[in-house]
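Asker: Below: one structure in structure tokens.
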Amino acid sequence: MSNTALLDRPTATSTTARPTLRLVTDRPAETPVAPSGPQRSLPAGTTPRGFALYVGFDEAKAAASGVSLGAIVDALRRTLADVAPGAETYATVALAPVGAGGRDVDVVRRALQEPSAVARTKSEPDPEETASAGRVTVDISRKRVVIDGESAALTFKEFELLQYLVLREGRTIDRGELVSSLWQGSTEKDAPGERTIDVHVRRLRAKLGRYEDIVRTVRGVGYRFDRHADVVIRYGHGTPSPDRF
């Protein structure tokens, strides 16, 4: 006995209808379901708090199927709201280099740092071993910046700031967005003011040295990361993805 979620596409006569999921069950709702198979032992002191469902499906395949990634997320959320109204959700998109091979779902698991997928990934050569002198490497996967072969002493928040801009290359990010994203969950008292972002940026630029201009100021708006000929961005398999949904 099982539950099946079916995705309904909009009909040809409706241009505004959105895809929905219908929950189909072949057992009475009141019938208790006993656990099947061996129960997995949990590490001491831990308890399940939720789950992650990795979906391997790129935008081209979604379009060919008559849906979009956002529509699929919305449909899943509506179905979850029916099945478990108290559940909280958070969705993000997984990015991969153009032309990256492998199964879509495996790429997604690595990009979102699913532990078992990351553990199976072969280690890559250290960039410092092959890097030529006179450049900066922003290593997103290892959360570090290497300048002319030396690791820059960035604080956690300084790296988070640089990473946020790097992952949104070419887009101007206003100070309000930086505060709300980098200090998400902070109380109003703990979150810095927008002008405090300017202080963090000044300190970050000072540590970037002659590469400080990769973080540009857009007067009256905020900041933007611009690719530099001597700057290498190393995403790796564990690259966090900009939120899309």
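The values are calculated or read from the model by the stated rules, or taken from the named source; none is laboratory data. All figures in this text were calculated on a predicted structure; none of them were measured in a lab. Methodologically, a virtual Cβ is constructed for each residue, glycine included, from the backbone with ideal geometry; neighbour enumeration extends over all protein chains shown. These accessible areas exclude ligands, DNA and RNA; they are computed on the full protein's heavy atoms, side chains included. Shrake-Rupley method; radii C 1.70, N 1.55, O 1.52, S 1.80 Å.
Asker: Please list, ordered by first then second residue, the pairs with beta carbon atoms under 9 Å, 6 or more apart or interchain, first in the range 206-219 and polar (S, T, N, Q), second not in a helix (DSSP H, G or I).
Answerer: Taking only residues 6 or more apart or on different chains, the pairs are T217/Y223; T217/R224.
Asker: Quick one: would you say R175 is touching a helix residue (DSSP H, G or I) at 6+ places or on another chain (Cβ under 6 Å), within 30 Å of V73 (Cβ to Cβ), surrounded by 14 or more Cβ atoms within 10 Å (Cβ to Cβ) and at pLDDT 85 or above?
Answerer: Details: touching a helix residue (DSSP H, G or I) at 6+ places or on another chain (Cβ under 6 Å): yes; within 30 Å of V73 (Cβ to Cβ): yes; surrounded by 14 or more Cβ atoms within 10 Å (Cβ to Cβ): yes; at pLDDT 85 or above: yes.
Yes.
Asker: A further question follows. Across the range 46-103, what is the number of residues that are outside any loop (DSSP other than H, G, I, E, B) and of a type outside the set (K, R)?
Answerer: Total satisfying the criteria: 18.
Asker: So which residues in the range 23-51 are among the aliphatic types (A, V, I, L, M) and either open to solvent by 70 Å² or more (accessible area, probe 1.4 Å) or at pLDDT 90 or above (or both), if there are any at all?
Answerer: Matches in the range 23-51: L23, A29, V33, A34, L42, A44.
Asker: When both residues are 6+ apart or on different chains and their Cβ atoms are under 6 Å apart, which pairs have a first residue that lies in the range 220-232 and is free of Cβ contacts under 8 Å to residues at least 12 places away in the same chain and at negative phi, and a second that is in a loop (DSSP other than H, G, I, E, B) and open to solvent by 60 Å² or more (accessible area, probe 1.4 Å)?
Answerer: Between residues of the range 220-232 that are free of Cβ contacts under 8 Å to residues at least 12 places away in the same chain and at negative phi and residues that are in a loop (DSSP other than H, G, I, E, B) and open to solvent by 60 Å² or more (accessible area, probe 1.4 Å), there is no close pair.
Asker: State the number of residues belonging to the range 127-147 that are open to solvent by 40 Å² or more (accessible area, probe 1.4 Å), out of contact with any helix residue (DSSP H, G or I) (no Cβ under 8 Å at 6 or more places or on another chain) and either modelled with pLDDT of 75 or more or not hydrophobic (A, V, I, L, M, F, W, C) (or both).
Answerer: So the answer is 7.
Asker: Something else: Got a sec? Which of V67, V73 is over 28 Å from R234 (Cα atoms), within 18 Å of the chain's Cα centre (by Cα) and open to solvent by less than 30 Å² (accessible area, probe 1.4 Å)?
Answerer: Result of the check over V67, V73: V73.
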